[in-house]
Amino acid sequence: MDREIIVEKLEALRYCVQRLRTKCPEGAEALQHDADIQDIVAMNLARAVQLCVDIATHIVADSSAPAPNTMAESFGVLRQLGYLSEEITNNMKKAVGFRNIAVHAYDNIDWNVVHEICSHRLADFEQFAAAIQWVMDKE
């Protein structure tokens, strides 16, 4: 596994989470009516999920585990390899569902859900990053 690639992706993930914290408005109503903020938030959320998927697939590719068939499955493989808890695995699988909507059905985004994610689920990305960092530090 190329540790430098993982470190760079973890740093980009931290940047996305920080950007979400500073740009997401306090109320869902404000998010629903500001197209510029919608773009910033949706892009950073989708990017955060994609970075997690990239990290997962990079680690899986370096292991002897079979390649996952879907982005969400990559987190299950990390769980099997001992990188993630069941809770983090499940949360990241759910995040992939959001990413798919943001990328493929942008006009169907429920901005109340996006606001909920920004208000209460950003720690999922931080927990993912911490779990990956912990395993890397052990090796």
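Across the range 66-83, computed HN-Hα scalar couplings (Karplus, 6.51 cos²θ - 1.76 cosθ + 1.60, θ = phi - 60°) run x, 5, x, 8, 9, 4, 4, 4, 4, 6, x, 5, 4, 4, 4, 7, x, 7 Hz from first to last residue, x flagging Gly and Pro.
Here the extension length gained between Asn108 and Ala123 equals 2.9 nm, from 0.36 nm per residue of separation less the Cα-Cα distance.
Return the unpartnered cysteines for the chain, using a Cβ-Cβ cut-off of under 4.7 Å. So, Cys16, Cys52. Averaged per residue, the range 1-97 has 53 square angstrom of accessible surface, using a 1.4 angstrom probe with ligands and nucleic acids left out. Protein heavy-atom surface of the chain, 1.4 angstrom probe: 49% of the accessible area is carbon and sulfur, with nucleic acids and ligands not counted. The packing ranking, built from the mean of other Cβ atoms within 10 Å per residue, places the peptides 129-136, 4-11 in the order 129-136, 4-11, highest first.
The values are calculated or read from the model by the stated rules, or taken from the named source; none is laboratory data. Here the structure is a predicted model, which is why all the values come from computation and not from measurement. Methodologically, a virtual Cβ is constructed for each residue, glycine included, from the backbone with ideal geometry; neighbour enumeration extends over all protein chains shown. Side chains included, ligands, DNA and RNA excluded: accessible areas come from the protein's heavy atoms. Shrake-Rupley method; radii C 1.70, N 1.55, O 1.52, S 1.80 Å.
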